[in-house]
Ligand code: ADP
Ligand code: MG
């Protein structure tokens, strides 16, 4: 299991996230969803006996249920994660701290704003009035929970997103998702939006933080701030803001976002944001905003394991009705590891190529595509592939490379092939010799040294090596 704090002292929410992952292994999904997911992490502190953690359940009855059924498991998971004996207290939620805060400190509503929308999601009754929002929400119907492939690397983020979409503004508000690029944050945002629209009929806005900033600037310029505020504070039940790190350091935007956030949260509307890093690592971020993000649930996505990468490829191919042979899926997933968007990009290229040539996607096609995507160092080339490439470049037969002839027409390509095999496979000289008709290791060493030396000063050698490499 992966924990995200192996090099630094654990911060509370991270511990809870890791503990959750442990619990996932032993509690059935239904129970996990009902009892464990709603728990909110409150604090963890050192005591003379070890550690003491506090979790908050949404209501007394659920707190009691968790104490009766899961306390030992939860304590065990905390101990496993922190390495210290841990006592856990489960309390029932009292007041809503954000609501209290908002009532004390929020600015009075704009005079000319429309009547604030009632929170609808708890009741399922749709509000009318408010600013026209329908055509603006920009939720992309293509990204759904159904076509999101779940694996260990995104399970927690996915479960959190589902919980929020099922019961917006109930348990996790805000939900904060973060990951490096291309791992499904935007996909999950839209999936939440689609689910909420379908299930609750709520009014949903999806927007990038960049767009929030641009609209804000425009509204300031054209003296339309009241409309801007009405729109973002009063007209949506769910706001999905992508790449929130964009507003960091932009003071006016942060200030406006802060009040927008308070207004939404205070009236029990759900907020989901994404970022390329956790709240505490967003540089120059307003401390008040950071704190608010940490009140909710913070979940990260890490690069998917190979099985998940293969499953994603297969699911995308199936959606597009394209035949993707297993070995090609495996090959792509082996070489493209850290970014699902790139994985998809290669699949799209292969699809295009297949449909243009009328051929099915093949291993050869994939290998060709991958050549441009992966740095050559990480490629596992075989002796055969290298010999074939060199032979092709010099227009000789592969057998010639293994023969004993010393004619320069053959000997030179042979030296290049030997050099490349050494470079790409790291095989021993002796072993390389066996792939070239049983040549002596001194012959192999000589070939490697010769080419290595010539590559620097001799353009035609360098070109021949590069041309052969490019055929790999
Ligand atoms: P991010 O917002 O994190 O940069 P995206 O949500 O834009 O990433 O994802 C990039 C692409 O990868 C999208 O086309 C998305 O559908 C796809 N993708 C990422 N993760 C998954 C997944 N687990 N299952 C299916 N598709 C995924
Ligand atoms: Mg994104």
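Inspect segment 282-304 for any residue being over 24 Å from residue 232 (Cβ atoms), within 16 Å of ligand 1 (Cβ to nearest atom) and loosely packed, with under 15 Cβ neighbours inside 10 Å and give the result as yes or no.
Within segment 282-304, not a single residue is over 24 Å from residue 232 (Cβ atoms), within 16 Å of ligand 1 (Cβ to nearest atom) and loosely packed, with under 15 Cβ neighbours inside 10 Å.
Does residue 362 qualify as being at pLDDT 90 or above and in contact with a helix residue (DSSP H, G or I) (Cβ under 8 Å, 6 or more places away or on another chain)?
yes
Pick from segment 452-467 the residues that are closer than 19 Å to residue 389 by Cα and surrounded by 15 or more Cβ atoms within 10 Å (Cβ to Cβ): which of them is modelled with the lowest pLDDT? Before the answer, list the steps.
Of segment 452-467, the ones closer than 19 Å to residue 389 by Cα are 452, 455, 460-467.
Next, only the ones that are surrounded by 15 or more Cβ atoms within 10 Å (Cβ to Cβ) stay: 455, 461, 464-465, 467.
On the way: 455: 84, 461: 91, 464: 90, 465: 90, 467: 87.
Once the filter is applied, the top-ranked residue is 455.
Condition first: out of contact with any strand residue (DSSP E or B) (no Cβ under 8 Å at 6 or more places or on another chain), touching a residue at least 60 places away in the same chain (Cβ under 8 Å) and within 16 Å of residue 164 (Cα to Cα). Now tell me which residues in segment 24-70 satisfy that.
Matches in segment 24-70: 32, 33, 37.
Only one residue in 239, 244 is farther than 30 Å from residue 346 by Cα, modelled with pLDDT of 95 or more and within 24 Å of the chain's Cα centre (by Cα), so which one is that?
After applying the criteria, what remains is 239.
Residue 210: surrounded by fewer than 17 Cβ atoms within 10 Å (Cβ to Cβ) and either in contact (Cβ under 8 Å) with a residue 40 or more places away in the chain or within 16 Å of ligand 1 (Cβ to nearest atom) (or both), yes or no?
Yes.
Rundown of residues vs (1) within 13 Å of ligand 2 (Cβ to nearest atom); (2) under 25 Å from residue 339 (Cα atoms); (3) modelled with pLDDT of 95 or more, yes/no style:
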{"site": "148", "(1), (2), (3)": "no, yes, yes"}
{"site": "169", "(1), (2), (3)": "no, no, no"}
{"site": "187", "(1), (2), (3)": "yes, yes, yes"}
{"site": "199", "(1), (2), (3)": "no, no, no"}
{"site": "219", "(1), (2), (3)": "no, no, no"}
{"site": "230", "(1), (2), (3)": "no, no, no"}
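Just give me the residues in segment 154-186 being within 13 Å of ligand 1 (Cβ to nearest atom) and part of a loop (DSSP other than H, G, I, E, B), in sequence order.
Correct list: 154, 179, 180, 181, 182, 183, 184.
Between 328, 273, which is under 30 Å from residue 234 (Cβ atoms), crowded, with 17+ Cβ neighbours inside 10 Å and in contact with a helix residue (DSSP H, G or I) (Cβ under 7 Å, 6 or more places away or on another chain)? Working first, answer last.
Details: 328 fails: under 30 Å from residue 234 (Cβ atoms).
Of the residues listed, the single one that is under 30 Å from residue 234 (Cβ atoms), crowded, with 17+ Cβ neighbours inside 10 Å and in contact with a helix residue (DSSP H, G or I) (Cβ under 7 Å, 6 or more places away or on another chain) is 273.
The values are calculated or read from the model by the stated rules, or taken from the named source; none is laboratory data. As the structure is a computational prediction, the values presented were derived from the model and not from experiment. Here Cβ is always computed from backbone atoms with ideal geometry, including for glycine, and neighbour counts include all displayed protein chains.
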